[in-house]
1. Can you find a residue that is of a type in the set (D, E, K, R), more than 20 Å from Asp115 (Cβ to Cβ), modelled with pLDDT of 95 or more and in a strand (DSSP E or B) anywhere in region 25-38?
2. If you take the residues of region 5-24 that are under 17 Å from Leu87 (Cβ atoms) and outside any helix (DSSP H, G or I), which of them is most open to solvent (accessible area, probe 1.4 Å)?
3. Looking at (1) more than 14 Å from the chain's Cα centre (by Cα); (2) closer than 26 Å to Asn5 by Cα; (3) modelled with pLDDT under 95, which is the one condition that is false for Gly143?
4. Name every residue in region 76-129 that is under 15 Å from Thr40 (Cα atoms), open to solvent by 70 Å² or more (accessible area, probe 1.4 Å) and either of a type in the set (S, T, N, Q) or not in a loop (DSSP other than H, G, I, E, B) (or both), in order of residue number.
5. Among the listed residues Glu49, Glu133, Glu123, which satisfies the condition of being at pLDDT below 95, charged (D, E, K, R) and closer than 23 Å to Phe9 by Cβ?
6. Considering only region 62-75, state which residues are over 28 Å from Ser114 (Cα atoms) and either out of contact with any strand residue (DSSP E or B) (no Cβ under 7 Å at 6 or more places or on another chain) or part of a loop (DSSP other than H, G, I, E, B) (or both).
7. Please enumerate the residues belonging to region 34-61 that are touching a strand residue (DSSP E or B) at 6+ places or on another chain (Cβ under 6 Å) and either surrounded by fewer than 13 Cβ atoms within 10 Å (Cβ to Cβ) or small (Gly, Ala, Ser) (or both).
8. Going through region 44-60 one residue at a time, which ones are of a type in the set (Gly, Ala, Ser) and under 12 Å from Asp24 (Cα atoms)?
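The values are calculated or read from the model by the stated rules, or taken from the named source; none is laboratory data. Since we're looking at a predicted model, the values are computed, not measured. Don't worry about glycine lacking a Cβ; one is built from the backbone with ideal geometry, like all the others, and counts go over all protein chains shown. What goes into the accessible areas is simple: the full protein's heavy atoms, side chains included, and nothing from ligands, DNA or RNA. Shrake-Rupley method; radii C 1.70, N 1.55, O 1.52, S 1.80 Å.
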Amino acid sequence: MIEKNFQLFDTKFKVDKYLITTSDYWRLSVRPFQPTLGSTIISLNRPCENFADITSCESADLKEIVSYTEHNLKQAFKYDRINYLMLMMVDPHLHFHVIPRYSSALTFFDTQWSDNGWPAQPELGGREITDDEARNIIQAIKG
């Protein structure tokens with residue numbers, strides 16, 4: 001079942017298609033539904049359903065992928081704050097939703113983006129992005 005949840009997660013969140021980068025143990029991908037511009041997902045490279053089950057190497061490597069994520073999102077989109085959400089109620093594979101937060105609207109590739117939840121909790125639904133929008137977001141994050 002754990003392997004199946006891993007595969008379902010990858011399919012639902014288009015991890016391979018929207019992949020930005022990988023580290024030794026983690027993957028960073030663009031979130032197909034964008035509550036705010038640059039929303040991403042950090043997910044473990046192997047099937048796992050419990051945060052307590054990660055290894056010490058995976059734990060140390062998490063810091064590296066988080067550092068990359070924050071630095072590159074800041075360079076690309078100049079966010080004001082950043083939220084990390086580990087929910088795993090519907091998608092029981094170890095992952096974090098990374099939601100950049102913005103105090104004002106911004107324009108990216110002729111589209112205006114707003115953080116409708118600012119300054120409270122993010123509104124997670126967002127809108128589904130196209131493959132072209134995903135490619136543009138990936139390129140911006142990669143720098």
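1. Pass one, region 25-38, residues of a type in the set (D, E, K, R): 27, 31.
Then keep just the ones that are more than 20 Å from Asp115 (Cβ to Cβ); that gives 27.
With the extra rule that they be modelled with pLDDT of 95 or more, the set shrinks to 27.
Remaining after also requiring in a strand (DSSP E or B): 27.
Scanning region 25-38, I find at least one residue that is of a type in the set (D, E, K, R), more than 20 Å from Asp115 (Cβ to Cβ), modelled with pLDDT of 95 or more and in a strand (DSSP E or B), so the answer is yes.
2. Looking at residues that are under 17 Å from Leu87 (Cβ atoms) and outside any helix (DSSP H, G or I), I get Phe13.
3. (2)
4. Scanning region 76-129 gives Arg81, Tyr84, Arg127, Glu128.
5. On the way: Glu49 fails: at pLDDT below 95; Glu133 fails: at pLDDT below 95.
Criteria check complete, one pass: Glu123.
6. Here is the first cut: in region 62-75, the residues over 28 Å from Ser114 (Cα atoms) are 62-64.
Those that are over 28 Å from Ser114 (Cα atoms) and either out of contact with any strand residue (DSSP E or B) (no Cβ under 7 Å at 6 or more places or on another chain) or part of a loop (DSSP other than H, G, I, E, B) (or both): Lys63, Glu64.
7. Within region 34-61, Gly38, Ser39, Ser43 meet the criteria.
8. Kept after step one, since they are of a type in the set (Gly, Ala, Ser), are these residues of region 44-60: 52, 56, 59-60.
Listed by number, the residues that qualify are Ser59, Ala60.
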